[in-house]
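Peer 1: One structure, as structure tokens, below. Some questions next.
The values are calculated or read from the model by the stated rules, or taken from the named source; none is laboratory data. Since we're looking at a predicted model, the values are computed, not measured. Here Cβ is always computed from backbone atoms with ideal geometry, including for glycine, and neighbour counts include all displayed protein chains. For accessibility, only protein heavy atoms count, side chains too; no ligands or nucleic acids. Shrake-Rupley method; radii C 1.70, N 1.55, O 1.52, S 1.80 Å.
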Amino acid sequence: MEASEITEEVTENVSVKKKVFVAGATGSTGKRIVEQLLAKGFAVKAGVRDLDKARTTLLNDNPDLQIVKADVTEGSEKLAQVIGDDSEAVICATGFRPDWDLFAPWKVDNFGTVNLVEACRKLGVNSLHLPKCLGLTLVAKLQAEQYIRKSGINYTIVRPGGLRNEPPTGNVVMEPEDTLYEGSISRDQVAEVAVEALIHSESYYKVVEIVSRPDAPKRSYEDLFGSIKQR
Ligand SMILES: NC(=O)c1ccc[n+]([C@@H]2O[C@H](COP(=O)([O-])OP(=O)(O)OC[C@H]3O[C@@H](n4cnc5c(N)ncnc54)[C@H](OP(=O)(O)O)[C@@H]3O)[C@@H](O)[C@H]2O)c1
């Protein structure tokens, strides 16, 4: 299928781009996801906590980019209003920022993600894509993962290895859950995997772990996602 067929629908000769809501759009991975979605022909609703930060972090002059205020801890009703019924998928790139609140990891990475799932259910958005955390917030995120998996909505959970800001130095290695215990990956590639997960149905209802390795063979995303079994 051509990329344009996936990202656009033609209604009465008017081409409408499919819109994706990105939570955590000003984050180091989130902003890359926004850039790649736009580059691949999607329209983007970027959910941010800080509009001023978004104006400097995101390329504001793109007519396919809409920036909206969205704090995932503020509850599913409010999130559903912000996501709106024009978004066809949601990508969650949030991660708690260390501050005085010791419960921030739980509030953002657990309850915040649950709020996003509930917002999707309310709206009938059928995709949620989640780069997951390793490290301090592992348990919180694992609980949120369980919630997504039982929610009935279509999801892809992406668990990256250590995140790097540098451009990719190797090809993506994708394995099933609880199999990749070391390695790192460029945030550019994590963003690519999150966007490709929207495009390829082989990713649906799957948990994937990713790193990159210089000696790994280059594989298509159909092949990578297709090699992971649903559980
Ligand atoms: N670092 C690693 O090696 C590693 C490895 C695997 C997975 N991960 C996980 O991968 C994800 C992306 O990582 P990253 O380094 O790109 O994260 P990041 O740069 O810290 O970005 C996190 C984003 O979440 C947003 N956020 C925080 N609290 C929020 C809230 N209450 N509501 C809405 N948005 C909120 C932040 O908003 P502001 O921009 O306003 O602060 C920021 O945009 C995170 O979940 C991280 O835990 C990280």
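Peer 1: Please state which of the following conditions E8 fails to meet, knowing it meets all the rest: (1) more than 24 Å from S127 (Cα to Cα); (2) at pLDDT below 95; (3) surrounded by 12 or more Cβ atoms within 10 Å (Cβ to Cβ).
Peer 2: It is condition (1) that E8 fails.
Peer 1: Please specify each residue of the range 34-49 satisfying the condition of being more than 9 Å from the ligand (Cβ to nearest atom) and crowded, with 22+ Cβ neighbours inside 10 Å.
Peer 2: Hits for the range 34-49 are V34, L37, F42, V44, K45, A46.
Peer 1: Does the range 122-135 contain any residue that is part of a strand (DSSP E or B), within 13 Å of the ligand (Cβ to nearest atom) and either open to solvent by less than 10 Å² (accessible area, probe 1.4 Å) or among the aliphatic types (A, V, I, L, M) (or both)?
Peer 2: Within the range 122-135 (the criterion being part of a strand (DSSP E or B), within 13 Å of the ligand (Cβ to nearest atom) and either open to solvent by less than 10 Å² (accessible area, probe 1.4 Å) or among the aliphatic types (A, V, I, L, M) (or both)), the answer is yes, since at least one residue qualifies.
Peer 1: Name the pairs: first residue in the range 16-33 and farther than 17 Å from D50 by Cβ, second residue basic (K, R) and within 12 Å of the ligand (Cβ to nearest atom), Cβ to Cβ under 7 Å, at least 6 apart or on different chains?
Peer 2: Final answer for the pair search is R32/R187.
Peer 1: Moving on to the next point. In the range 67-82, what count of residues is obtained for those that are part of a strand (DSSP E or B) and open to solvent by 70 Å² or more (accessible area, probe 1.4 Å)?
Peer 2: Residues that pass the stated criteria total 1.
Peer 1: When you look at K19, is it more than 10 Å from the ligand (Cβ to nearest atom), at pLDDT 90 or above and either over 14 Å from E196 (Cα atoms) or of a type in the set (D, E) (or both), yes or no?
Peer 2: Working: more than 10 Å from the ligand (Cβ to nearest atom): yes; at pLDDT 90 or above: yes; either over 14 Å from E196 (Cα atoms) or of a type in the set (D, E) (or both): yes.
Yes: the conditions hold for K19.
Peer 1: Scan the range 91-114 and tell me whether some residue there is within 17 Å of Y155 (Cβ to Cβ), assigned to a strand (DSSP E or B) and in contact with a strand residue (DSSP E or B) (Cβ under 7 Å, 6 or more places away or on another chain).
Peer 2: yes
Peer 1: How many residues does the range 107-121 contain that are open to solvent by 20 Å² or more (accessible area, probe 1.4 Å) and near the ligand (Cβ under 8 Å from one of its atoms)?
Peer 2: Of the range 107-121, the ones open to solvent by 20 Å² or more (accessible area, probe 1.4 Å) are 107-108, 111, 114-115, 118, 121.
Those left that are additionally near the ligand (Cβ under 8 Å from one of its atoms): 107-108.
Counting residues in the range 107-121 that are open to solvent by 20 Å² or more (accessible area, probe 1.4 Å) and near the ligand (Cβ under 8 Å from one of its atoms) gives 2.
Peer 1: Taking R55 and the conditions (1) modelled with pLDDT of 95 or more; (2) within 14 Å of the ligand (Cβ to nearest atom); (3) open to solvent by 70 Å² or more (accessible area, probe 1.4 Å), which numbered condition does it fall short on, given that it satisfies the others?
Peer 2: Only one criterion is unmet by R55, namely (1).
Peer 1: Follow-up. Mind listing whichever residues of the range 83-95 are on the phi < 0 side of the Ramachandran plot and either over 15 Å from the mean Cα position of the chain (by Cα) or surrounded by fewer than 13 Cβ atoms within 10 Å (Cβ to Cβ) (or both)?
Peer 2: Taking the range 83-95 first, the residues on the phi < 0 side of the Ramachandran plot are 83, 85-95.
Hits for the range 83-95 are D85, D86.
Peer 1: If R164 satisfies every condition in (1) more than 9 Å from the ligand (Cβ to nearest atom); (2) surrounded by fewer than 19 Cβ atoms within 10 Å (Cβ to Cβ); (3) touching a residue at least 12 places away in the same chain (Cβ under 8 Å) but one, which is the exception?
Peer 2: Only one criterion in (1) more than 9 Å from the ligand (Cβ to nearest atom); (2) surrounded by fewer than 19 Cβ atoms within 10 Å (Cβ to Cβ); (3) touching a residue at least 12 places away in the same chain (Cβ under 8 Å) is unmet by R164, namely (1).
Peer 1: Against the conditions (1) at pLDDT 90 or above; (2) open to solvent by less than 20 Å² (accessible area, probe 1.4 Å), where does K141 fall short? Just the number, please.
Peer 2: (1)
Peer 1: Ok, one more. Assuming A104 fulfils every condition listed in (1) within 9 Å of the ligand (Cβ to nearest atom); (2) under 25 Å from I210 (Cβ atoms); (3) open to solvent by less than 40 Å² (accessible area, probe 1.4 Å) apart from one, which condition is it?
Peer 2: All conditions are met except number (2).
Peer 1: Residues that are of a type outside the set (K, R) and in contact with a helix residue (DSSP H, G or I) (Cβ under 8 Å, 6 or more places away or on another chain), at least 1 per element: which strands (runs of 3 or more DSSP E) completely within the range 162-231 meet that?
Peer 2: Ranges flagged: 162-164, 171-176, 206-213.
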